[in-house]
Amino acid sequence: MRGLLIGRYQPFHKGHLEVIKKILGEVDELIVGIGSAQISHTMENPFTAGERMTMISSVLNTNGLAGRCSYIIPINDVWNNAIWVRHVRSLTPRFDVVYTGNPLAKRLFIEEGIAVRTPVMFDRFRYSGTEIRRRIVQGADWESLVPEEVVRIVEEIGGVERIRDISKSDKITFLEPGDVSP
Ligand code: ATP
Ligand code: MG
């Protein structure tokens, strides 16, 4: 049996690794789909699909999981929910079950008659891409939330500086009378 897990992995964190290990107890093979593959250099999606592929394959290799997760597939957005599942299927090997916690993705797969399972969440308050990006911007500890291969790759590609730069704005904030200047 083959499963599919779709995420944006911005970046790939320890929650993702744990969920993959858990899913591999239920399926023989797992396809890792990288969503919003065309987007990079934004606060929500700082890393390119290629960078995310490198993070994922390196973590899977180190953990001896690469053989059972041999397909890491970038999936661009199509901006048309009605055809999104067909788009995903056109890019991936055949799969029997989809793992997603996203309610919209779940709905779209169910409407196409595909089995959906909701993965359990591991320490969701810490192991979340949003929390990791926030910590990077604020200079807090983010390294403990991702596998060490991801720390190395983020550092190699200047990811911390990238996220801090794109979090800045060139807009002027006009103060109202009585406001205290930041
Ligand atoms: P973001 O905050 O940027 O949305 P995220 O942590 O939700 O990041 P995604 O790439 O959106 O990461 O995650 C894709 C899928 O990975 C989720 O739908 C969920 O099924 C799984 N996942 C994410 N975080 C965890 C976690 N802590 N434990 C288990 N599964 C997780
Ligand atoms: Mg998410």
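Run Tyr9 past the list (1) more than 18 Å from Arg124 (Cβ to Cβ); (2) touching a Lys or Arg at 6+ places or on another chain (Cβ under 7 Å) and report the number of the one that doesn't hold.
The number of the failed condition is (1).
Of the residues Glu18, Glu44, which is closer than 17 Å to Ile132 by Cβ, among the acidic types (Asp, Glu) and surrounded by fewer than 14 Cβ atoms within 10 Å (Cβ to Cβ)? Steps first, answer last, please.
Values: Glu18 fails: surrounded by fewer than 14 Cβ atoms within 10 Å (Cβ to Cβ).
Sole residue among the options that is closer than 17 Å to Ile132 by Cβ, among the acidic types (Asp, Glu) and surrounded by fewer than 14 Cβ atoms within 10 Å (Cβ to Cβ): Glu44.
When both residues are 6+ apart or on different chains and their Cβ atoms are under 6 Å apart, which pairs have a first residue that lies in the stretch 120-136 and is open to solvent by 20 Å² or more (accessible area, probe 1.4 Å), and a second that is within 13 Å of ligand 2 (Cβ to nearest atom) and part of a helix (DSSP H, G or I)?
What qualifies is Phe122/Gly15; Tyr127/Gly15.
Of all residues being more than 15 Å from ligand 2 (Cβ to nearest atom) and without any contact (Cβ under 8 Å) to a residue 24 or more places away in the chain in the stretch 92-116, which is farthest from His13 (Cα to Cα)? Just the residue, please.
Gly113
Being aliphatic (A, V, I, L, M) and open to solvent by less than 40 Å² (accessible area, probe 1.4 Å) is the filter; apply it to the stretch 141-164 and report the residue that is farthest from Val59 (Cα to Cα).
Of the residues in the stretch 141-164, the ones aliphatic (A, V, I, L, M) are 145-146, 150-151, 153-154, 157, 160, 163.
After this cut, where a residue has to be open to solvent by less than 40 Å² (accessible area, probe 1.4 Å) as well, the list is 145-146, 150-151, 153-154, 160, 163.
On the way: Leu145: 13, Val146: 10, Val150: 7, Val151: 11, Ile153: 11, Val154: 13, Val160: 19, Ile163: 21 Å.
Among those residues, the one meeting the criterion is Ile163.
Quick check on my filter: what residues within the stretch 107-135 are in a helix (DSSP H, G or I), touching a helix residue (DSSP H, G or I) at 6+ places or on another chain (Cβ under 7 Å) and more than 12 Å from ligand 1 (Cβ to nearest atom)?
The answer is Leu108, Phe109.
Among the residues of the stretch 33-54, is there at least one that is part of a loop (DSSP other than H, G, I, E, B), among the β-branched types (Val, Ile, Thr) and without any contact (Cβ under 8 Å) to a residue 60 or more places away in the chain?
Filtering the stretch 33-54 for residues part of a loop (DSSP other than H, G, I, E, B) gives 35-48.
Subset that is among the β-branched types (Val, Ile, Thr): 39, 42, 48.
Subset that is without any contact (Cβ under 8 Å) to a residue 60 or more places away in the chain: 39, 48.
For the stretch 33-54, residues part of a loop (DSSP other than H, G, I, E, B), among the β-branched types (Val, Ile, Thr) and without any contact (Cβ under 8 Å) to a residue 60 or more places away in the chain: present.
What are the pairs with Cβ atoms under 8 angstrom where one residue, in the stretch 2-26, is more than 9 Å from ligand 1 (Cβ to nearest atom) and the other, located anywhere, is modelled with pLDDT under 95 and open to solvent by 10 Å² or more (accessible area, probe 1.4 Å)? Sequence gap at least six, or different chains.
Ile23/Pro119
Select, from Asn80, Asn61, the only residue that is over 12 Å from the mean Cα position of the chain (by Cα) and over 16 Å from Tyr9 (Cβ atoms).
Values: Asn61 fails: over 16 Å from Tyr9 (Cβ atoms).
Result of the check over Asn80, Asn61: Asn80.
The values are calculated or read from the model by the stated rules, or taken from the named source; none is laboratory data. If you're wondering where the values come from, they're calculated on a predicted model, not measured in any experiment. In this analysis, Cβ positions are derived from the backbone assuming ideal geometry, glycine residues included, and neighbour counts consider all displayed protein chains. These accessible areas exclude ligands, DNA and RNA; they are computed on the full protein's heavy atoms, side chains included. Shrake-Rupley method; radii C 1.70, N 1.55, O 1.52, S 1.80 Å.
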